[in-house]
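The values are calculated or read from the model by the stated rules, or taken from the named source; none is laboratory data. Since the structure is predicted, the reported quantities are computational estimates derived from the model, not experimental observations. Using ideal geometry, Cβ is built from the backbone for each residue, glycine included, and neighbour counts are taken over all protein chains shown.
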Amino acid sequence: MYKIDTPISEQDFAQYFEMRWKMLRQPWNYPLGSEKDEYEQVSQHRMIRNHNGDVVAVGRIHMNSSDEAQVRHIAVDKEYQGKGLAKLILAALESVAREEGAIRLVTNSRQISIPFFESAGFEIEKEAPNEFGKLKRQQMVKRLSSPNTILLHPKWCKTLQDTWYETIPISEQMGIKIYQYSGRTLETRASLNKNINLHGTMFAGSIFSLATLTGWGMIFLQLKEKGLVGDIVLGDGNIHFHKPITMQPRALCNIESFNGKFDGLLKNKKCFIKLQVAILDGDTPVAEFSGLFGVLPISEDAEEQLS
């Protein structure tokens, strides 16, 4: 029975990188250190140990964009090949990609590895740059979907997502995405790797931004539900932190947290909505955001342009 581990300590990483070098660089006479690249600090790493504690399989994944994750450096010790360890590593990395909100998983595969990735659902898309300038590779792609995602009114959700990315471009760089919308609850997620600080946790400012956009987004979607339009602005926001985020940043806003009504918009008057957003690290609550948003009436000319 083999178990997936995440390297944490300096010793863990030393053993992890040594395994990577031994299998992927030493055969071509490359020195120690050549197994590392500039993406190590923004990647997630997984490994498998044997009963003696020796690392016998490794793999890495990092986000190329908010939608795309790249698998690299899967390697299994020769004595342990044929036992399904590469599939265990790949499955663990794919799980990370799904949690990060990726909808596309890519890898640059050598010819010898193509059957392995094809068996896992990857397809060849195009030729990739040669490794070491001589080893031919193919870029392979697997499209991901989340069977647990509920997305009521997908067109509204797409409009909201596009609005964030077009008017607040940094939100796309942060990997903030709508994950679920049920009509009563909006869940968003962000990429930890794109918002990580020197302590290996999520920036407090990024958490505040995720919470603010989630509350803003919930009001946007509730206006759609009621057939109303309005210009949404944040009047005041407070957040209380309890624990750092080290895994999967999530934000949840429930309709039950709303305090306020949209009736004023019908009289061409502004209205105010108070709400709460729960911040989680995976399934662990780590912070609460309270926000006061103003919703301003939009002129008829502007409303026609939006419809």
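Quick rundown of the values:
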read-out	value
Some residue of the range 182-203 being among the β-branched types (Val, Ile, Thr) and free of Cβ contacts under 8 Å to residues at least 40 places away in the same chain	no
So Lys142, is it surrounded by 15 or more Cβ atoms within 10 Å (Cβ to Cβ), among the basic types (Lys, Arg) and without any contact (Cβ under 8 Å) to a residue 60 or more places away in the chain	yes
Breaking point among (1) farther than 15 Å from Trp216 by Cβ; (2) of a type outside the set (Gly, Ala, Ser); (3) exposed (fewer than 12 other Cβ atoms within 10 Å of the Cβ), for Glu166	(1)
Residue count, the range 11-54 (criterion: more than 28 Å from Asn197 (Cα to Cα), exposed (fewer than 14 other Cβ atoms within 10 Å of the Cβ) and among the charged types (D, E, K, R))	1
Unique residue being buried (at least 17 other Cβ atoms within 10 Å of the Cβ) and of a type outside the set (S, T, N, Q) when the list is Asp281, Asp231	Asp281
Subset of the range 52-86 (residues that are touching a Ser or Thr at 6+ places or on another chain (Cβ under 8 Å) and not aliphatic (A, V, I, L, M))	Arg60, His62, Ser66, Gln70, Arg72
All positions within the range 150-163 that are out of contact with any Gly (no Cβ under 7 Å at 6 or more places or on another chain) and surrounded by 12 or more Cβ atoms within 10 Å (Cβ to Cβ)	Ile150, Leu151, His153, Trp156, Cys157, Lys158, Thr159, Gln161, Thr163
Residue selected from the range 68-88 under the condition under 22 Å from the mean Cα position of the chain (by Cα) and touching a residue at least 40 places away in the same chain (Cβ under 8 Å), by the criterion nearest to Tyr165 (Cα to Cα)	His73
Criterion (of a type outside the set (D, E, K, R) and at pLDDT 95 or above) met by exactly one of Met19, Met63, Met1	Met19
Lone unmet requirement of (1) at pLDDT 90 or above; (2) more than 17 Å from Phe258 (Cα to Cα); (3) not small (Gly, Ala, Ser) for Asn193	(1)
Residues that are farther than 29 Å from Glu10 by Cβ and either among the aromatic types (Phe, Trp, Tyr) or not assigned by TED's automatic domain parsing to the domain that holds Met247 (or both), drawn from the range 167-206	Tyr179, Tyr181
Condition broken by Ala69, with the remaining ones in (1) closer than 23 Å to Asp281 by Cβ; (2) out of contact with any Leu (no Cβ under 8 Å at 6 or more places or on another chain); (3) surrounded by 21 or more Cβ atoms within 10 Å (Cβ to Cβ); (4) not assigned by TED's automatic domain parsing to the domain that holds Asn193 satisfied	(2)
